[in-house]
Each structure stands twice: as structure tokens, then as C-alpha cells.
1. Scan the stretch 392-415 for residues that are farther than 21 Å from Lys375 by Cβ, part of a helix (DSSP H, G or I) and modelled with pLDDT of 85 or more and report the count.
2. Could you list all residues from the stretch 341-376 that are of a type in the set (Gly, Ala, Ser) and surrounded by 15 or more Cβ atoms within 10 Å (Cβ to Cβ)?
3. Output the number of the condition that Thr349 fails; it satisfies all remaining conditions of (1) in contact (Cβ under 8 Å) with a residue 12 or more places away in the chain; (2) over 22 Å from His417 (Cβ atoms).
4. May I ask you to list pairs of residues, at least six apart or on different chains, whose Cβ atoms are under 8 Å apart, with the first in the stretch 159-170 being in contact (Cβ under 8 Å) with a residue 60 or more places away in the chain and the second being hydroxyl-bearing (Ser, Thr, Tyr) and in a loop (DSSP other than H, G, I, E, B)?
5. So, Ile209, is that one part of a helix (DSSP H, G or I), of a type in the set (A, V, I, L, M) and surrounded by fewer than 16 Cβ atoms within 10 Å (Cβ to Cβ) or not?
6. Could you run through the stretch 86-113 and say how many residues are under 26 Å from Pro262 (Cα atoms), outside any loop (DSSP other than H, G, I, E, B) and either more than 41 Å from the chain's Cα centre (by Cα) or not polar (S, T, N, Q) (or both)?
7. Just name the residue that is farthest from Thr255 (Cα to Cα) out of those in the stretch 327-372 that are polar (S, T, N, Q) and at pLDDT 90 or above.
8. Since His281 meets every condition but one in (1) assigned to a loop (DSSP other than H, G, I, E, B); (2) under 26 Å from Phe324 (Cβ atoms); (3) touching a Leu at 6+ places or on another chain (Cβ under 9 Å), which condition does it not meet?
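The values are calculated or read from the model by the stated rules, or taken from the named source; none is laboratory data. These numbers come from a predicted model, not from an experiment. FYI the Cβ positions are ideal-geometry reconstructions off the backbone, even for glycines, and counts take in every protein chain you see.
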Amino acid sequence: MIFPVKSWETMAQKSLDMNQAKQVQQLSADGISIKEIVRRTGISRKTVRKYLRKMASALPLLSENEVITLSDSELANIIYDPDPAPVSGHRFRQAVSHFEAAKQSLHKTGVTKQLLWAEYIQDNPGGYSYSQYCFLFKQYLKDTDPAFHWTYNSGEFIQVDFAGKKLFYTDKTGDKIHCEIFIGVLPYSGLIFCTAVHTQRIADFTLCINELVKYVGGVTKTILCDNLKTAVTKADRYEPAFTELCQRLSAHYATTFSATRPRAPTDKGMVEGAVRIVYNHIYGPMYKYMANSLEDLNRQIASWLNILNNKPYKGIKESRRDIFERDEKPVLKLLPETPYKLQQRKTVTVQRNYAIQLPDNKHYYTVPHQYVGKKVIVYFDTRTVEVYHQYERIAFHARSTQEPKFNRIHEHMPAHHQHMVATQGWTVNELLTQAEKVGKYTRQAADRLLHSSIYPEQNYKACNAMLALQYKFSKHRLESACVRAANVMRPTLSMIRSILQTGLDKQPLLFDNDDSKPIQHENIRGSSNYQ
């Protein structure tokens, strides 16, 4: 491999445009003095003399017209000094062979060009000096590692990362508390988000994602991140495995997480560039500011961040914010009503009382009784409890500070347990209200049955069983049976059930006919006999 290398002297000079060189030669051929050539072209007197001397010595036999017809590269080879640095030969081939291996090691932690050069010069004692080595290495990387131009679609994805350099605030004791800086960027518009958190752990990473989508005002289709432990459990070029936190964030915000290839920062080149921009436009202006809390630090970051996003791009009048508002924000997914709430996770076994116990307050929460003995996953925070079995949610409880120690949902219980709980909640008024819905005689019978002993609670089951007869015999027949028992001061459940079972409720009563007249007979005494 051979690539052009200029001498160090030429590198320090400002290259002369070949049209200017031709103009200088033409003016000189026309008899114009050097002083006048300097005035007309703006080139220094020393440079004019130098280039005229080189062209005269290199082309003594050519006329001015022939000089003008030379190509720019041919003319450049005449007026510029040839490169004294060797770009071919055995030493150069040794350097190129070394560059091929060193290119892969350059991005490893702690590996510098100084270290690579020391290894190179140890293997090749007659090799290039360090400065020439760095120059040739730079040229090699430029020729062998061309940049790819990415085309981004609006609202497609957002790139996130933590900056390598940290900011800090001072607490009340004067100690410096260093903070991680989370950065996100929308590649299409270039809109940048930045916030400070204490760590890269789950709670802080969740907060960063919540604040990011809140600042943007929507959600992209994909969130591209690095292979940090909070997000990726197994880094892989093709199928990275994400943490359960990322899966739940994806479900909550209707998006997906994606990870870069291991040791491939170019996959998220936009956020890598955004980190450098944040260093210059946020870290730089804040270098004299001393924050006294994390909130204070984030307020300062937010103020400079707004200035950055509202600043027009170089060469155009639009800013990152302008492009985002016009092209990107309308295509983002809508945010859910509430941000994602970080929940604790625990795997437990459902107890025989079809309930699970939480470790934070030792309270019990029921699940459907069919899952007794099953292993379930519980997600809980201070407000909710969610129970999952084989990726299906089987129970949900709302939590509060006033909740009982045993939190039961009626539908979770088997039928006989539902009946037991129902009996515990009976009152005299509730039972009489149910009886009145059947009829007034049924209410009368229920009232007498309940108060047939000193404690009405002793008769709750009997009264409820009497009311349940309506489902077996109908409300009309139960009411008729209670009419037959209306003259009994202490009716019983057995009496009402016997009337219905024997069909006595269907027999006519002696006093059913209210229009019957009194019987007239000579042996019947009247009121006059009692005076």
C-alpha cells in the first residue's frame, strides 16, 4: 500500500492555488514586475520569487502558453518540493504491516499510540520516529477506514449513552458528589437531552428514560443504547439479551430497546458526537458554577441545554428544536398517561390460603385459589401489587396505608369460602331488606325469626337459608308460605320449608274471601245477651 505524504515543510505552508500559480507565470511572461504581481495577486513577494524561480528552472524550454496548459497535478509537482519521506520500500512495508494489527488494538482501554510505537520500534529498531509514525498511522487510518454516511428517518429511534466525564455538586459538608451524565439524541433533528443522576443503576436508569421521553414529548420506535449492565444481560452482535427492566419499559412505552455491537461505538455515532457537543456547550459554560445539590445541578444543565437546542445550526437559520418540532415530533408515539414506575420483583409460592406475602410490610394479598402451590412473580411498589403466572397477570391489588393485613378479593375465593365471608358480613338490616324484596309477609317472618332469641346473630344463618328458598320455590310461593305462618309468633326455618315442601302454600286460606257475611243462626248470641 502506498499513499501520498507531504514533507513537514510543505505541511506547514499554505498551499497555493494552481490558477494563481499560472497567473503569476503569465504576468511574469508579460513583463510585469514582481512588485506589481504582488499587488495584483495578493501573494507575498517571497512566494512569488520562489515559484517563478522553480518554474524557470524546471521548464526552461517551455513557453508561457505551454505552462498554462499543464494540469494542476503536473504544475504542483514542479512548484512544490518533492517529499523526502519514504512512502515505499522495506521500512514502509514493515510499518503498514504493523498498522494492520495496531488498528484493532488502538480502541482498547489504556492503549495509546505511544505504547504501540514502542512495540513497533522494539520489533523494528530502524523504524520511523514517533512523529513520523503518528503521521503515517493517521494517513493509514484515513485511507483504510472511510466514514459511512447514515441516513436517519424522523421518529425512528433515539440514541442514549452515559458520558465518560462526570459533573459534581458539593453537599453540606463540602464534599464533592460526582454524578453520571445521561445523554440522548434524536439523530434526525439532532435534538439533545441531558440530565445528571448519581449512578447507572436500575432506579437512576429508569428515571433517565422517564425524563427523556418527557422532555421529547413522545416515544420513538426504538431506543438504541450501549451494552451497559443495567440494560443488557448478554452482549451479542446479533441477539443481545436485555434486562427485565428494559422489557417492562418497552411494554409501558410501546417501544423496543436495541443495543450496539460490542466494542462498536460507531453504531451510535450520533450520541458519541452529542457527548462532545455537551462537553463544549454545557460542561464548558458551567466550569465555574458550583452546584449545591443534584436538583441545582440539573437546573443549570437544563438552562444550557435549552440554549443549545435553540441555537441555529451553522450555515442555516433552523435550530435542532425547529427541525424537531416541524418534522419529528408529529410522528412520535404518544406518551402513556403516567410514567413508568419502578417496581420491586420477587418470586414466591402461593400459600394454602391462596395469598402471597410481601417482604416490605408482611401483608398478604390473595390470588385466584386455583394457583395454590404455584410459583408466581410479584411486582410491587408503594401503590400497587401485580402477580404474574407464566407471563399472564392473575391478580392486581391497590395498596394504601390504611389497608388490612390480609387483603382479599371476593372473586379469588372458592364458593364455600365466599359463603363464609358473606355470613360474616350479615346484619339485621341487610337481611330484612332482602326479605322485603320478596314481600311484606316474608319480611315479617324474617323479623320474627331473627328476634326469636336474645342474640339475633344466632339466627343469621337460619334467616338467610329461609330467604334462599325463593331460588328453589320462587318468590311468590315463599311469600305465600310466610302468609300461612303469619299468625305464628316464632316461626322457624323448618316450618317455612315444610309448608313449601308439602304444598300447603298453594291451599286456600279460610279467610281468603274477605266478602263473606257473618253466619246467622238462632243459637248465636248477640250483644244484648251481655248487658
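1. Here the count works out to 1.
2. Listed by number, the list holds a single entry, Ala355.
3. Only one criterion in (1) in contact (Cβ under 8 Å) with a residue 12 or more places away in the chain; (2) over 22 Å from His417 (Cβ atoms) is unmet by Thr349, namely (2).
4. Once the first residue is in contact (Cβ under 8 Å) with a residue 60 or more places away in the chain and sits in the stretch 159-170, its partners that are hydroxyl-bearing (Ser, Thr, Tyr) and in a loop (DSSP other than H, G, I, E, B) give Tyr169/Ser293.
5. No, not satisfied.
6. Total satisfying the criteria: 8.
7. Gln351
8. (1)
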